[in-house]
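Just so you know, all these numbers are worked out from the coordinates, no wet-lab data involved. A quick note: this is a predicted structure, and the numbers were derived from the prediction, not measured. Virtual Cβ from ideal backbone geometry, glycine too; neighbours counted across all protein chains shown.
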Amino acid sequence: MSIRVVLADDHVVVRQALRALLEREGLEVIGEAADGRAAARQAIQLRPDIAVLDISMPLFNGLDAAREILRSSLSTRVLVLTHHDETEYVAEALRCGVQGYVLKKQAANELVRAIQQVHGGQIYLSPGVSGAIAAAYGDARQPVALSVRERQVLQLIAEGKSTRVMAGLMGVSVKTIESHRARLMGKLDIHEIAGLVRYAIRQGLIQP
């Protein structure tokens with residue numbers, strides 16, 4: 001039986017190329033998504049063997065989508081495919097429970113090899129990011145700890161969404177969004193929208 005995969009990347013050309021590559025190698029792509037929220041929904045509904053997620057995506061970033069998938073679809077393993085090679089991203093991905101971390105600058109066939117290894121229960125890291133394993137377990141310079149909801153609010157603020165739109169997307173009240181935003185600003189000690197946007201860019205939640 002072939003490995004069943006859901007692909008998530010906000011660039012349609014990238015998804016098309018990845019689908020062609022994986023299907024040529026005998027893998028079955030059962031779903032695609034252009035944002036993290038849709039990726040989590042598809043993975044939870046379709047229960048693929050592997051979810052391949054970009055980190056920088058609209059609505060939910062790839063790491064928040066990974067958390068949702070790993071919490072709700074226990075049979076699905078998650079692999080990140082990204083251009084981010086910074087230690088903090090790799091470390092955070094490993095803390096989330098991601099089993100594979102592949103850099104887009106690597107050869108295409110590395111993704112196939114990574115999917116096969118992750119499907120077999122192994123951890124796969126692209127060459128050059130292995131040193132981040134230690135950082136995943138006890139780096140003293142941890143970023144500010146935000147809840148999943150606070151990260152989602154931060155990303156949506158940075159994407160320019162209004163409070164009412166955020167409430168609709170997250171399925172909560174406007175008052176709840178305002179409460180999340182207040183706690184977020186307090187934790188980060190950032191009290192203006194422009195500062196939150198800059199912070200979100202530094203954290204890789206959105207592209208500048």
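Using helices alone, I'd like the mean residue ellipticity at 222 nm for the chain: each DSSP H run of four-plus residues gives -39500 (n - 2.57), total over residue count, nearest 500.
Taking each H run of at least 4 residues, the total per residue is -15000 deg cm²/dmol.
Under the 0.36 nm per residue contour assumption, what length would be gained going from the current alpha-carbon distance of GLU23 and SER147 to full extension?
41.0 nm
For the ranges 9-20, 25-36, what's the packing order if you count other beta-carbon atoms within 10 Å of each residue, average per peptide, and put the highest first?
Output ranking for 9-20, 25-36: 25-36, 9-20.
Sorting check: for 162-174, 37-49, which peptide has the highest mean count of neighbouring beta carbons within 10 Å, and how do the rest follow?
37-49, 162-174
Nearest 20 debye, what's the magnitude of the dipole of the chain about its Cα centre given +1 on Lys and Arg Cβ and -1 on Asp and Glu Cβ?
For this selection, approximately 460 debye.
Is the range 18-76 best put as rounded, prolate or oblate by its Cα gyration tensor, with a ≥ b ≥ c the root eigenvalues, rounded for a/c under 1.5, and otherwise prolate when a/b is larger than b/c, oblate when not?
oblate
Could you check the simple spin-label distance between ILE123 and ALA108, using points 7 Å along Cα→Cβ, in nm with one decimal?
Going by the 7 Å Cα→Cβ label model, 3.0 nm.
Just the number: Rg to Rh for the chain, Cα atoms, Kirkwood Rh, two decimals.
0.97
Of VAL80, LEU111, ILE206, whose Cα points farthest to the positive end of the dipole of the chain (charges on the beta-carbon: +1 Lys, Arg; -1 Asp, Glu; origin at the Cα centre)?
After comparing all options, I get ILE206.
Compute the acute angle (0 to 90°) between the alpha-carbon long axis of helix 36-46 and the principal axis of greatest extent of the alpha-carbon atoms of the chain; round to the nearest 10°.
Rounded to the nearest ten degrees, it is 50.
What do you get for Rg/Rh over the range 148-202 if you use C-alpha atoms and the Kirkwood form of Rh?
In the range 148-202, Rg relative to Rh is 0.93.
Short version: ³J(HN,Hα) in whole Hz for each residue of the range 189-197, in order, from phi by Karplus 6.51 cos²θ - 1.76 cosθ + 1.60 (θ = phi - 60°), x for Gly and Pro, what are they?
Karplus-based 3J(HN,Hα) across the range 189-197 equals 6, 10, 10, 9, 4, 4, x, 5, 4 Hz.
At 0.36 nm per residue, and after removing the present C-alpha to C-alpha distance, how many nm does the segment from THR176 to HIS191 gain when stretched out fully?
3.6 nm
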